[in-house]
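Q: Below is a structure I'd like to ask you about.
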Amino acid sequence: MKHHEAILDRIRQEIGRPDGLKPIIYTPEFRHCVCLVSVVKEGIYLVSPLRKEIDPLLIVELLISVWDLFERYIGPITVESLQLNFMTLLFVMDEMVDGGTAFVTEPNILTEIIPKPNILEKVTKKNIALKKPYENDLPIGATSMTPWRRHNPRYIQDRILFDITEQLDCRFDGHGRPDHCKIWGEITCKCNLSGTPILRMNLRRAELLESLTFHQSIKLREWDETHKIVFLPPDGEFMLLKYCIREKIVPPFKIDSAFKNDELKISLELNIAEMSLEKVKIIVPWTPDLIPATSVNVSRGTITIGKDNSHSNFST
């Protein structure tokens, strides 16, 4: 117990520093803890002490999975919701990690082993884990060859939805020409299909995709041979694929800048003819000491300055 208290004191000390808690902190002063690996989400720190040297990215991925599962169980994560559902989340963590090794991380299996708190228990502020933390029988999917999918789900209306999100990282030179562009994207799905369907997805220009991260349901041999995605989808929401594109990128906008008579003028022109845009938001970073001496005007839309004077937000 004293050892755990010492680690907690070190974590509190690091959080109190101006630069906050770093993702990796080596702790030679502790005999049973070589380092601390952490992630921060919405102001809440998830920290894992390590007894021996392993790849920290594995722990980061596990902590992100913990956060996603907590959201699936209790919704938006706040200090109050964590306290209210503490016992349920404790049992979830006990199933996810067994003896310091990631064991069960698939949401479909975990939600069958440990039920989610229902509305009545939330209203009465009672926790289901106090009365019935586990189901009596182990889910069939937990021991199958496809542990990511619930056993034989049934729906009145079968459907699967795909959501593609891309982030463009682009740098322009002094003449407004892009000299460095990169796209980070991911494909997320919401699957409500009965039985055990095998799906096939064709991607246009699949050879441009790099730094791929696949869901474990994707058949890698099929991708290597044909560049087609063949998979048995999990039941519910999941991340199918993450990727990066570095070649043949044409930015959907043009930026021009001019500096004259101590005045900087920046123009942004969108060039998207095949689709309509709504609720456009542009964030322009600044140095905090520059904002008070700067007058910012826009020809359309509205612009606001961040509370810490570090950026300005433009919206239509």
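The values are calculated or read from the model by the stated rules, or taken from the named source; none is laboratory data. Because the structure is predicted, anything quoted here is derived from the model rather than measured. Virtual Cβ from ideal backbone geometry, glycine too; neighbours counted across all protein chains shown. Side chains included, ligands, DNA and RNA excluded: accessible areas come from the protein's heavy atoms. Shrake-Rupley method; radii C 1.70, N 1.55, O 1.52, S 1.80 Å.
Q: Of all residues in segment 138-164 being of a type in the set (A, V, I, L, M) and not in a strand (DSSP E or B), which is modelled with the highest pLDDT? Can you show your working first?
A: Our first condition is that a residue be of a type in the set (A, V, I, L, M); within segment 138-164, this holds for 138, 140, 142, 145, 156, 160-161, 164.
Now narrow it down to the ones that are not in a strand (DSSP E or B): 138, 140, 142, 145, 156.
Numbers: LEU138: 58, ILE140: 58, ALA142: 57, MET145: 75, ILE156: 91.
Looking at the filtered set, the residue picked out is ILE156.
Q: Can you name every residue in segment 168-185 that is open to solvent by 60 Å² or more (accessible area, probe 1.4 Å) and modelled with pLDDT of 90 or more?
A: TRP184, the sole residue that qualifies.
Q: So, in segment 189-202, exactly how many residues are open to solvent by 40 Å² or more (accessible area, probe 1.4 Å) and under 23 Å from the mean Cα position of the chain (by Cα)?
A: Summing the residues that are open to solvent by 40 Å² or more (accessible area, probe 1.4 Å) and under 23 Å from the mean Cα position of the chain (by Cα) in segment 189-202 gives 1.
Q: Follow-up. Would you confirm, using the coordinates I've provided, whether ILE128 is touching a Ser or Thr at 6+ places or on another chain (Cβ under 9 Å), β-branched (Val, Ile, Thr), at pLDDT below 85 and surrounded by 13 or more Cβ atoms within 10 Å (Cβ to Cβ)?
A: Spelling it out, ILE128 is indeed touching a Ser or Thr at 6+ places or on another chain (Cβ under 9 Å), β-branched (Val, Ile, Thr), at pLDDT below 85 and surrounded by 13 or more Cβ atoms within 10 Å (Cβ to Cβ).
Q: Could you count how many residues in segment 43-101 are over 22 Å from THR213 (Cβ atoms), part of a helix (DSSP H, G or I), out of contact with any Ser or Thr (no Cβ under 8 Å at 6 or more places or on another chain) and not hydrophobic (A, V, I, L, M, F, W, C)?
A: The first filter runs over segment 43-101 and keeps only residues over 22 Å from THR213 (Cβ atoms), leaving 43-45, 47, 49-53, 73-95, 98-100.
Checking the rest, the ones that are also part of a helix (DSSP H, G or I) come to 73-74, 79-84, 86-95.
Still in the list and also out of contact with any Ser or Thr (no Cβ under 8 Å at 6 or more places or on another chain): 79-84, 86-95.
If we keep only those that are not hydrophobic (A, V, I, L, M, F, W, C) as well, we get 80-81, 83, 88, 94-95.
Qualifying residue count, segment 43-101: 6.
Q: Say we look at segment 54-66 and pick out the residues that are surrounded by 15 or more Cβ atoms within 10 Å (Cβ to Cβ) and touching a Leu at 6+ places or on another chain (Cβ under 9 Å); which of these is modelled with the lowest pLDDT?
A: PRO56
Q: Only one residue in LEU193, LEU203 is out of contact with any His (no Cβ under 8 Å at 6 or more places or on another chain) and of a type outside the set (Val, Ile, Thr). Which one? I'd like the intermediate steps shown before the answer.
A: On the way: LEU203 fails: out of contact with any His (no Cβ under 8 Å at 6 or more places or on another chain).
Criteria check complete, one pass: LEU193.
Q: Could you tell me which numbered condition ARG51 fails, if it satisfies all but one of (1) in contact with a His (Cβ under 9 Å, 6 or more places away or on another chain); (2) of a type outside the set (Val, Ile, Thr); (3) surrounded by 15 or more Cβ atoms within 10 Å (Cβ to Cβ)?
A: (3)
Q: Could you say which residue among ASP169, ASP235 is in contact with a helix residue (DSSP H, G or I) (Cβ under 8 Å, 6 or more places away or on another chain) and not hydrophobic (A, V, I, L, M, F, W, C)?
A: Working: ASP169 fails: in contact with a helix residue (DSSP H, G or I) (Cβ under 8 Å, 6 or more places away or on another chain).
That would be ASP235, the only listed residue that is in contact with a helix residue (DSSP H, G or I) (Cβ under 8 Å, 6 or more places away or on another chain) and not hydrophobic (A, V, I, L, M, F, W, C).
Q: Now for a separate question. For segment 28-48, give me each residue that is buried (at least 17 other Cβ atoms within 10 Å of the Cβ) and over 19 Å from THR105 (Cα atoms). Let's see the steps before the verdict.
A: So the first thing to find is which residues in segment 28-48 are buried (at least 17 other Cβ atoms within 10 Å of the Cβ), and the list is 33, 35-39, 46-48.
Residues satisfying the conditions are CYS33, CYS35, LEU36.
Q: Taking only segment 10-27 into account, find how many residues are open to solvent by 100 Å² or more (accessible area, probe 1.4 Å) and within 12 Å of VAL47 (Cα to Cα).
A: Within segment 10-27, residues that are open to solvent by 100 Å² or more (accessible area, probe 1.4 Å) and within 12 Å of VAL47 (Cα to Cα) number 2.
Q: Name the residues in segment 212-246 that are free of Cβ contacts under 8 Å to residues at least 40 places away in the same chain, charged (D, E, K, R) and surrounded by fewer than 16 Cβ atoms within 10 Å (Cβ to Cβ), would you?
A: Filtering segment 212-246 down to residues free of Cβ contacts under 8 Å to residues at least 40 places away in the same chain leaves 212-214, 218-231.
Going one step further and asking which of them are charged (D, E, K, R), we end up with 219, 221-222, 224-225, 228.
Hits for segment 212-246 are ARG221, GLU222, ASP224, GLU225, LYS228.
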